[in-house]
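The values are calculated or read from the model by the stated rules, or taken from the named source; none is laboratory data. Source: prediction; values computed, not measured. Heads up, the Cβs are rebuilt from the backbone with ideal geometry, glycines too, and the neighbour counts pull from every protein chain shown. What goes into the accessible areas is simple: the full protein's heavy atoms, side chains included, and nothing from ligands, DNA or RNA. Shrake-Rupley method; radii C 1.70, N 1.55, O 1.52, S 1.80 Å.
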Amino acid sequence: MMDLKKLNDIANRMVAPGKGILAADESTGSIAKRLDSISTPNTEENRRDYREMMFSAKEAMSNYISGVILFDETIRQKAKDGTPLVEMIARTGAVPGIKLDKGPKPLPFAPGEVITEGLDGLPARVEEYVKLGAGFAKWRAVIDIGKHIPTYNCINANTMTLARYAAICQEGGLVPIVEPEVLMDGDHDIDTCMRITEWVLKEQFHQLHYAGVKLEGMILKPNMVIAGKKAARQASPEEVAEKTLIVLKRCVPAAVPGIAFLSGGQSSLDATRHLHLMNAAGPLPWRLTYSYGRALQADALKTWGGKPGNLAAGQKAFAHRARMNALATGGKWSDKAEAA
Ligand code: 13P
């Protein structure tokens, strides 16, 4: 039997005022790229050491991080001193979470489009992760913008899959993070991103309804409305904030406890500034926070550099970035705070 009160409590903890989510669920292939950028071999031990550096950063974790998304390997790993990493996270007050999707695969009859896999056997996996200490889960769908794409086929398949995942999570006791990501990789303008994001989110909430998902027990993880990286004209931060809020207000029911953005390739500073501007434009019907991967980790990764001697410096860099984003959740971030 689903316990909606419990799911709602977890969801509210995940979007608690002044806190946000650390997305540290890079698959072994994605973390390889991060470690490669600091010339560190992609071994199980190095992956553990890197993540342990963040999870043991007391200041950042206990003050600014409400939840941590983990990859399957990490949720089973132990810190150097033998403490399970999940326990280390839980001790800081943050909720451990798990990435449940198995990544995007080519979508049949849809050139250039993908569908996220991982539904088969999902109820049993949910049961195991609950036992391992997870309180929530994440599933990411990928919608690319290009010539003649996205198609309805792609949006329908991915939003339906996300809704089925979310329903399975809620039945099994995990709060689903629903992440239909419209990529910012193309050369499209901000208004194209706005139109597609609105379409995707409209479809998403229809599908969640048909699947019986209870909105009070989920978190939405959307992209911001932003021009493609290769677009000739980049929109101003104010325009990104304004258009993102317009779309979210049109599409996301107030019953959803919170929205936690992905950073998606924005610079760390842009991701903070955009979040700040949106929260400064409140009051809003839902809590608006971060679930950043790259935008929370980039500085910490570079500062740590794979060297044990840089542990404290890496943690300090992580704490600074987390604190800036925490300020942004209250609309209280500034260039001055950034420089301090
Ligand atoms: P980014 O913030 O790096 O986009 O990662 C967040 C995430 O979890 C993507 O699925």
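Just for the chain, what percent of DSSP beta bridges are antiparallel, to the closest 5?
Of the beta bridges lying entirely in the chain, close to 15 percent run antiparallel.
Obtain the nm distance between the two label points defined at Glu238 and Ser37 by a simple spin-label model: each point lies 7 Å from its Cα along the Cα-to-C-beta direction.
My value for the distance between the label points is 3.1 nm.
By how many nm would the segment from Lys249 to His148 lengthen if fully extended, with 0.36 nm per residue of separation less the alpha-carbon distance?
Full extension of this stretch gives 33.7 nm more.
If you filter region 116-161 for GluC sites (Glu not before Pro), then keep DSSP loop positions with at most 13 other Cβ within 10 Å, what is left?
In loop regions of region 116-161 (DSSP not H, G, I, E or B), the sparsely surrounded GluC sites (Glu not before Pro) are Glu117.
Taking R0 as 56 Å, what FRET efficiency do you get between Ala280 and Lys80 from their Cβ-Cβ distance, rounded to the nearest 0.05?
For R0 = 56 Å, the calculated efficiency reads 0.85.
Can you report the principal axis dimensions of region 183-290 using only the alpha carbons, biggest first, rounded to whole angstrom?
Rounded to whole Å, the extents work out to 42, 26, 19 Å.
Give me the net charge for the shell around Pro150: Cβ to Cβ below 14 angstrom, other residues only, Lys and Arg +1, Asp and Glu -1.
With Lys, Arg at +1 and Asp, Glu at -1, the neighbours total -3.
What accessible area per residue comes out for the chain, rounded to a whole number of Å², with a 1.4 Å probe?
Heavy-atom SASA per residue in the chain reads 41 Å².
For region 197-283, what is the relative contact order in percent, using Cα pairs closer than 8 Å and at least 6 residues apart in sequence?
Relative CO of region 197-283 lands at 39 percent.
If one computes the Cα centroid of region 289-307 and of region 51-72, what distance in Å separates the two points?
Region 289-307 and region 51-72 have Cα centres spaced 11 Å from each other.
So for Asp191, Asp120, what's the accessible-area order with a 1.4 Å probe, most first?
Largest accessible area first, the list is Asp120, Asp191.
Test of understanding: extend the Cα→C-beta vector of Asn63 to 7 Å, then name every residue of region 277-303 with backbone N under 18 Å from that spot.
Taking a point 7 Å out along Cα→Cβ of Asn63, the residues of region 277-303 whose backbone N falls under 18 Å are 290, 296-297, 299-300.
For the chain, what does the helix formula give at 222 nm: sum of -39500 (n - 2.57) over DSSP H segments with n ≥ 4, over the residue count, nearest 500 deg cm²/dmol?
-15000 deg cm²/dmol
Considering only DSSP states other than H, G, I, E and B, which trypsin sites (Lys or Arg not before Pro) in region 116-192 qualify as loop sites with at most 15 other Cβ atoms within 10 Å?
Lys147
Provide Rg and Dmax in Å for the chain, with only Cα atoms included in the calculation.
When restricted to the Cα atoms of the chain, Rg and Dmax are 18.7, 53 Å.
Glu179's amide H: which non-local residues (gap 5+, or another chain) put their own amide H closer than 5 Å, with H modeled 1.01 Å from N in plane and none for Pro or chain starts?
Placed amide hydrogens put Trp139, Ala141, Lys221 under 5 Å from Glu179.
How much length would be gained if the chain were fully extended between Val130 and Glu87, taking 0.36 nm per residue of separation minus their Cα-Cα distance, in nm to one decimal?
In short, 14.1 nm is gained.
Under the definition of Cα pairs under 8 Å and six or more residues apart, what whole-number percent is the relative contact order of the chain?
Relative contact order, the chain: 19 percent.
What FRET efficiency would be calculated for the residue pair Asp299, Lys105, taking the C-beta separation as r and a Förster radius of 30 Å, to the nearest 0.05?
Plugging the Cβ-Cβ distance into 1/(1 + (r/R0)^6) gives 0.40.
Ignoring ligands, DNA and RNA, what percent of the accessible area of region 1-85 is carbon or sulfur (1.4 Å)?
Carbon and sulfur together cover 51 percent of it.
For a 26 Å ceiling on Cα separation, which of these pairs sit above it: Lys202/Lys229; Lys307/Lys332; Lys5/Lys221?
The answer is Lys307/Lys332.
Suppose every Lys and Arg Cβ carries +1 and every Asp and Glu Cβ carries -1, with no other charges. What dipole size does the chain come out with about its Cα centre, to the nearest 20 debye?
Around 600 debye, computed over the chain.
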